[in-house]
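Structure first, then comments.
Values quoted throughout were computed directly from the atomic coordinates according to the rules given, and no laboratory measurement underlies them. Bear in mind the structure is a predicted one, so any value in this text is a computation, not a measurement. Cβ sites come from the backbone with ideal geometry, for glycine too, and all protein chains shown count toward neighbours.
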């Protein structure tokens with residue numbers, strides 16, 4: 001998921017230069033705006049949507065740097081009561097003197113095991129990580145990461161990139177030579193294509209290009225170790241397909257239900273959390289999810305949550321706030337909903 005797309009969800013200051021924007025956000029955080037907004041979260045649950053924690057850089061989907069993640073953990077540990085989904089229905093959270101927060105990760109990249117887990121252990125914080133089964137079983141590279149690598153390759157090598165869909169072709173020139181605009185259009189287009197068409201487009205881009213697609217994912221043994229260190233494992237589907245494009249019920253059951261069963265068998269623990277790939281779903285997928293025994297289904301829609309009722313029936317819909325690679329003051333303002341608030345008036 002392109003979680004750091006600045007043209008999509010970060011630049012909210014019009015024509016302001018990046019340096020001035022950074023100065024403004026840093027100042028707002030340090031004079032206490034983050035604290036003021038957090039004070040309004042009494043009785044609300046904040047769930048963060050996180051992906052990669054790595055020193056690796058990518059112009060289109062930049063992982064959060066481990067040093068910044070360490071700072072983020074320090075911030076949430078100080079200002080929130082950090083819990084897991086499995087704690088939501090077991091305690092009286094009205095007694096907490098801090099708002100509640102859950103750290104939720106998707107995809108199962110190896111850099112979580114390499115960089116994030118040691119920092120979570122250091123801070124003694126629980127988290128949730130939602131796994132793609134094919135990635136855990138065969139180190140498969142999900143289609144969103146392939147797209148990130150394709151665009152980064154062409155940007156860095158200044159080589160032309162033409163994308164051939166069944167009904168049209170697109171090139172950088174079609175988007176005013178803006179790489180990010182081109183990337184966003186491609187992501188949105190592929191997101192809505194059926195699996196075979198999406199894979200055909202990507203395979204044509206990759207074949208013979210020399211693009212390095214290597215990207216290590218956690219295997220089941222590493223996932224088990226995470227599970228033994230306060231990481232609640234959830235499902236992120238079997239293959240990371242876009243659920244709204246799947247019209248076959250049996251295929252949906254594999255993505256949603258078989259992924260759950262296989263993960264439970266691998267870990268010897270119940271899986272209660274299901275995270276929608278790229279936050280996307282559809283009516284058929286919703287029906288399968290509703291009839292499952294998941295307790296929580298996770299979206300990525302930049303909203304806060306009421307504390308779930310322990311007597312709720314069926315999967316509880318949970319909103320998440322997407323965090324991107326940026327300085328801690330900016331991150332703090334984002335998770336306190338400053339950016340969302342400002343967008344209402346800009």
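Which residue fluctuates the most in the chain, going by a Gaussian network model with Cα springs under 10 Å, if the choices are 104, 138, 166?
166
Given C-alpha coordinates of segment 143-206, what is the ratio Rg to Rh with the Kirkwood estimate of Rh?
Answer for segment 143-206: 0.92.
Quick one: if you stick a label point 7 Å off each Cα along the C-beta vector at residue 157 and residue 179, how many nm between them?
So the two model labels end up 1.4 nm from each other.
Cα convex hull of the chain: how many Å³ per residue?
Working: hull volume 50.0 nm³, N = 346.
It is 144 Å³ per residue.
Given contacts defined as C-alpha pairs under 8 Å and at least six residues apart, what's the relative contact order of the chain, whole-number percent?
Once normalised by length, the contact order is 24 percent.
Between 59, 242, 178, which gets the highest mean-square fluctuation from a Gaussian network model of the chain, Cα cutoff 10 Å?
Comparing 59, 242, 178 in the GNM, the peak value goes to 178.
With springs connecting C-alpha atoms under 10 Å apart, model the chain as a Gaussian network and identify which of 142, 223, 318 has the largest mean-square fluctuation.
Comparing 142, 223, 318 in a Gaussian network model of the chain, the most mobile one is 142.
Relative to the present Cα-Cα distance, how much length would full extension add between residue 166 and residue 290 at 0.36 nm per residue of separation?
Full extension of this stretch gives 41.2 nm more.
Per residue, what volume in Å³ does the Cα convex hull of segment 14-164 take up?
187 Å³
Per DSSP H run of n ≥ 4, the term is -39500 (n - 2.57); total these for the chain, divide by its residue number, and report the mean residue ellipticity at 222 nm rounded to 500 deg cm²/dmol.
-11000 deg cm²/dmol
In Å, what is the Rg of the alpha-carbon atoms in segment 232-287, and how long is Dmax?
Cα radius of gyration and Dmax of segment 232-287 are 10.9, 32 Å respectively.
Just to confirm my numbers, what's the Cα centroid distance between segment 212-236 and segment 21-58 in Å?
Segment 212-236 and segment 21-58 have Cα centres spaced 26 Å from each other.
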